[in-house]
Amino acid sequence: MTTFAFGAATDVGRVRHSNQDHFLVTDPMFVVADGMGGHNGGEIAAEIAVETLAAAQDLPSIDALIEWVQKANSEIVTRARVAPDLRGMGTTVCVLVGLTAAGPHRLGVANVGDSRLYRLTAEGLNQHTEDHSLVEALVRDGRLTKAEAANHPQRNIVTRALGIDEKVLVDAWELVPVQGDRYLLCSDGLFGEIGPTEIHGVLTELASPQDAADDLVARACAAGGRDNVTVVVVDVVAADSVDEPPADRVSAVRKALPDGVLNPESPEPSAGSVPDDPHPDEIIVAAPTAVFTWRLIAFVSAVVVVLAILITSITVYARSNYFIEVEGDSVVIYQGRSGGVLWFDPTVEDRIEFDPALIDGGALAALTEDLGFDALDEAEAFADDLLEQADSAAP
Ligand code: MG
């Protein structure tokens, strides 16, 4: 049996007007949810996530945990559907739970978004979860360093969240609990303000999990408090004895595909053999569910509409005119603008020949210069009149 000691703290920070973070500490389940979305949508999304997970009792496995995270996602999507002002709300979720299956006791972890789970052991502090964020993707691609990502203006953009799509990809792990291990769940308001060295120092120095949580939140606020900050600290006070716990504590990994089917390629990796990035394709697949997708679609649509209006205007301007030029012994009627407009060259619509022995082409050209007509028949009528008058005036 595993027993825990825990503490939690949250603060609105020094910039935001409302706290859209929510947390849950109901032994043996611990959750941090960081809501996002206009008005109070983010707060509601995070609250729904936490309330849904609070109803989960006696989870035997990480598969069951994933089902509850999917259920939380569905609840948020459904709520947004019936309340248009909540559309676009979403939340991260990071869960640590004591599983109840018979046999060796295990912990379950699930993560969606950029809240984090860290683990402090005698070896040091490790970030266990991977952020589903734009900057993390850029770091993975080698286009940003970790240090650049920490201060990047778009560091708040997440590529996965609950409530955005009916299907959400959930990362999940089964861990071996080890007495003395300390877990930290937090929203990005913590690690966006203070670095891992300072976090490690607090978690090492303060024995009480509540004191550690309070101190970390206070430090994040003192360092700027640009975002809501939430911290949950969970100590493994007692656990089933294990002869040799794996260094990374992992005994199973899941990446639950959007339809809830579990990836068959890695059902039960052996203890301690977590690939760095078990299924990179799934991460790419997950990217389109980004919370900013609707904004991208709106932006692209707006650009397309503006371009269509621009092209139509240019086309109308370029082609809605007729003009006359005298070329040798012909009066030529063109559609378009003299000299052309962009890719629209004038086209010949009519050609009327005259006898250069009787009519002075140069005089005709002077009479037609800079003239424009709205219609072909107007231009033709003008040219006919002109030729008739020149013809009758000829000697
Ligand atoms: Mg946040």
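The values are calculated or read from the model by the stated rules, or taken from the named source; none is laboratory data. Predicted, not measured: the structure shown is a model, and the values here were computed from it. Note that we place each Cβ from the backbone using ideal geometry, even for glycine, and neighbour counts take in every protein chain shown.
Summed over region 329-373, residues that are of a type in the set (F, W, Y) and over 18 Å from I314 (Cβ atoms) total 2.
With the condition kept exactly as written, say whether any residue in region 177-185 is within 14 Å of the ligand (Cβ to nearest atom) and either of a type outside the set (D, E, K, R) or not assigned by TED's automatic domain parsing to the domain that holds P28 (or both). Scanning region 177-185, I find at least one residue that is within 14 Å of the ligand (Cβ to nearest atom) and either of a type outside the set (D, E, K, R) or not assigned by TED's automatic domain parsing to the domain that holds P28 (or both), so the answer is yes. Scanning region 186-200 for residues that are away from the ligand (no atom under 13 Å from the Cβ) and either outside any helix (DSSP H, G or I) or of a type outside the set (A, V, I, L, M) (or both) yields I194, G195, P196, T197, E198, H200. Being surrounded by fewer than 22 Cβ atoms within 10 Å (Cβ to Cβ), at pLDDT below 95 and within 16 Å of the ligand (Cβ to nearest atom) is a condition met by no residue of region 98-114. The lone criterion from (1) hydrophobic (A, V, I, L, M, F, W, C); (2) under 30 Å from L162 (Cα atoms); (3) touching a residue at least 24 places away in the same chain (Cβ under 8 Å) left unmet by I352 is number (2). In the set (1) within 29 Å of the chain's Cα centre (by Cα); (2) at pLDDT below 95, the condition left unmet by V229 is number (2). When D240, D171 are checked against the criterion of being surrounded by fewer than 24 Cβ atoms within 10 Å (Cβ to Cβ), away from the ligand (no atom under 16 Å from the Cβ) and in the same structural domain as T10 (by TED's automatic domain parsing), D240 stands alone in meeting it.
Restrict the check to region 157-165 and report whether at least one residue is β-branched (V, I, T) and at pLDDT 95 or above. No: zero hits.
Got a number for residues in region 324-336 being crowded, with 18+ Cβ neighbours inside 10 Å and either not assigned by TED's automatic domain parsing to the domain that holds L364 or not hydrophobic (A, V, I, L, M, F, W, C) (or both)? Going through region 324-336 one residue at a time, the tally reaches 3. Scanning region 174-226 for residues that are more than 30 Å from H105 (Cβ to Cβ), touching a Gly at 6+ places or on another chain (Cβ under 7 Å) and small (G, A, S) yields G189, A220, G225. The residues of region 2-52 that are on the phi > 0 side of the Ramachandran plot and touching a strand residue (DSSP E or B) at 6+ places or on another chain (Cβ under 8 Å), listed by number, are G13, G37.
Run down V15, V32 and say which single residue is among the hydrophobic types (A, V, I, L, M, F, W, C), in the same structural domain as V202 (by TED's automatic domain parsing) and either modelled with pLDDT under 95 or over 22 Å from D131 (Cα atoms) (or both). Going through V15, V32 in turn, just one is among the hydrophobic types (A, V, I, L, M, F, W, C), in the same structural domain as V202 (by TED's automatic domain parsing) and either modelled with pLDDT under 95 or over 22 Å from D131 (Cα atoms) (or both): V15. If you go through region 1-47 and keep only what is in a loop (DSSP other than H, G, I, E, B) and either away from the ligand (no atom under 14 Å from the Cβ) or free of Cβ contacts under 8 Å to residues at least 12 places away in the same chain (or both), you end up with M1, T2, H17, D27, P28, G38, H39, N40.
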